[in-house]
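To start, the structure under review is shown below, and the notes come after it.
Rule-based calculations on the coordinates, nothing more; no lab input. If you're wondering where the values come from, they're calculated on a predicted model, not measured in any experiment. Counting neighbours? That spans all protein chains shown, and the Cβs are built from the backbone with ideal geometry, glycine included.
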Amino acid sequence: MRKNLPVHTILIASALAMVAPFIWQIITSLKSLSSATSVPPSLLPEGRWDNYSKVFQVLPFGHQFLNTVLMAGLRTIGQVLFCSMAAYAFARLRFPGRNVLFGILLSVLMVPPQLFIIPQYQIMSSLGWLNSLQALVVPGLFSAFGVFLMRQFFLGLPKELEEAAAIDGAGPVRIYWSIVLPLARPGLVALALLVLLWSWNDLFWPLVVNTDPDKMTLSAGLASLQGQFQTDYPVLMAGSLLASLPIIAIFTLLQRQFIQGIATTGTKG
Amino acid sequence: MRRPGSVKEALWGYAFIAPTGLGIAIFYLWPVLQTAYFSLTEWGAFGGHTWTGIDNYRRLGSDPEVGRALVNTLSYTGLGLLSIPLAIGFAVLLNRKGMRFVGLYRTLFFLPVVTMPVAIAMVWRWLYNGDYGLINYLLSLIGIDGPNWVADPATALYALVVVGIWASVGYNLIIFLAGLQAIPKEYYEAAAIDGAGTWRQFFHVTLPLLSPTAFFVSVVSVIGSLQLFDLVYVMAGAGAGARANPAFPRLETVVQLFYDRAFVTNDRGYAAAIVMMLLLLIVVLTAIQFRFQKRWVHYA
């Protein structure tokens, strides 16, 4: 510690800059509106916990929380299953057209997501799915990125166990389910965490498809509060804290797996 | 042994890729083609559309709002690259021999990466508030009268860049830290034997060996920055209300403009042309980066 003192000084100051906005958010969330807007501001929190219950009055927060949990959860389960299935086929099974199909998949990876949105919206609209859970979930069940990530992971697994199982007469389904998936657990967890994070924090798609406040996700619901009549900053701070806390908690707990996921894929959504 | 290329294996292959294959075809591949087609049409009030050829693209060229959005997006993207040297600096500090609390620092830097962008934008809007914001209060202590950061055309874009860098530096830091840990210790030992000090080692060993990582981060950051939406949507004042913000002309990005045309004014043909332009921009800027990588990227 002593040897690296100057280094720690720089890092502590920078780390403080990273967390200061969160600390100010917490302090503000516990103030009354009048003390939050007093000049000079008081740097201490007050015990205004009712700001947190007010969040549930200005927004259908419970509904939006549930919508977000369901959207993120179902997308995660769907992608982990579907992407790992496709990735297993691309990594290990031989079939005509495999390389062409994988090439097409890679090309999807390079297209910015905004190019999909108008037609996806049209599909949702013509199915009568606007303002529904399906609209939030369904397009997010499929992902070229997930297939790519899982395939890279599967290619790195030793083949011997699979070959031994094949000699014992196990078919592809059995090999995928009872050998490949258990071996690939770290990769599956990394993908799951990334999908969970992106889905929880996603704004554009939920904003577009679900405009009924009861059907919105937390991100869209919070954004809709911004700029309304008079902004009650303490309540906004409480709401944005409640909305981001679950995902922050999950990632603080599972940091190692998540960081491994990013470091190995190095790819952002 | 499995028979190579047996019919049964092939059928299972197709079965395994079927769900994702169909989903991608319906929700991703077909939409790209449709967007390209929509960009050549004009939309009526009730969803019908008529073929107009390249009219929308002509309109792009003479639309001052498009020009403005392009300038804003490119400025944001360029300035946002400052996140890279910052992240390299922090990664090098954290990677020093015998450093303690690395995990704790990493967590603190990483917090903004996992926090909901809408929440981040709200917190910063509050910090930037001209009358009651913490930043202007701290500035007033040293006698500076701070502006209305995100509502002042002179400062709005820079205020946004600061948030963008703050939010992304932790992500880049993780990637650079992984890159640093992949550099063999022997290189530093050899450099030390040759009498190279800390700075020489940094410039002659660390930086060159980190350049492939920096190239990757730069490509990904540029693509990400060009698609900026969430932060600016909330910081500008959200949706249609944002137009009341006097700094709106300095904050509007290409994707924001796309959102407005596609889902607020329902001018979907034009919106499709706007995202086609975004695609072109991404392709061109990525190609330029690949072209110039020979000048500065060293592969070991």
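Numbers below:
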| read-out | value |
| --- | --- |
| Over chain B, relative contact order from alpha-carbon pairs under 8 Å, at least 6 apart, % | 28 |
| Longest DSSP-loop-exposure-free segment, chymotrypsin sites (Phe, Trp or Tyr not before Pro), chain A, at most 14 other Cβ within 10 Å | A:50-228 |
| Normalised contact order of chain A, rounded percent, pairs of Cα under 8 Å and 6 or more residues apart | 31 |
| Relative contact order (%) - region B:174-300, alpha-carbon pairs under 8 angstrom, separation at least six | 27 |
| Of B:T265, B:G80, B:F229, farthest towards positive along the dipole that unit charges on Lys, Arg, Asp, Glu beta carbons give chain B | B:G80 |
| Residue range of chain A that is longest and free of trypsin sites (Lys or Arg not before Pro) which are both DSSP loop and sparsely packed (at most 16 other C-beta within 10 Å) | A:160-269 |
| Range of Cα positions in region B:146-300 per principal axis (Å), largest first | 66, 40, 22 |
| Spherically averaged projected area in nm², based on the convex hull that wraps the Cα atoms of region A:116-159 | 4.0 |
| Chain A: most fluctuating residue of A:S84, A:S53, A:S219 per GNM, C-alpha cutoff 10 Å | A:S53 |
| Sites matching chymotrypsin sites (Phe, Trp or Tyr not before Pro) across region B:38-80 that sit in DSSP coil, with at most 12 neighbouring C-beta atoms within 10 Å | B:F46 |
| Cα gyration tensor shape of region B:247-287, rounded if a/c is under 1.5, else prolate or oblate by comparing a/b with b/c | oblate |
| Measure of compaction for region A:198-244 (Cα Rg per 2.2 N^0.38 Å) | 1.13 |
| √(5λ) per eigenvalue of the Cα gyration tensor, region A:57-169, largest first, Å | 35, 19, 12 |
| Rounded if a/c under 1.5, otherwise prolate or oblate - chain B, Cα gyration tensor axes | oblate |
| Student exercise, region B:200-300 dipole from Lys, Arg, Asp, Glu Cβ charges, in Debye to nearest 20 | 420 |
| Kirkwood hydrodynamic radius of region B:1-94, from inverse mean 1/r over distinct Cα pairs, in Å | 19.1 |
| For chain B, built as a Gaussian network whose Cα springs stay under 10 Å, the top-fluctuating residue of B:I165, B:I26, B:I282 | B:I26 |
| Nearest-20 debye value, the protein assembly as shown charge dipole, Cβ charges on Lys, Arg, Asp, Glu | 1480 |
| Pairs from A:K159/B:K8; B:K97/B:K294; A:K31/A:K215 whose Cα-Cα separation, in the structure shown, is over 23 Å | B:K97/B:K294; A:K31/A:K215 |
| For chain A, the fraction of alpha-carbon pairs in successive 5 Å shells from zero, as % | 1, 5, 10, 12, 13, 13, 12, 10, 8, 6, 4, 3, 1, 1, 0, 0 |
| Principal axis dimensions, largest first and in whole angstrom, of region B:149-196 by Cα | 56, 22, 8 |
| Cα-based equivalent ellipsoid, the protein assembly as shown: semi-axes from gyration tensor eigenvalues, Å | 38, 33, 25 |
| At q = 0.22, 0.24 Å⁻¹, base-10 log of I(q)/I(0) for region A:160-262 (Debye sum, equal scatterers on each alpha carbon) | -1.10, -1.18 |
| Rg(Cα) / (2.2 N^0.38 Å) computed for region B:154-232, rounded to two decimals | 1.45 |
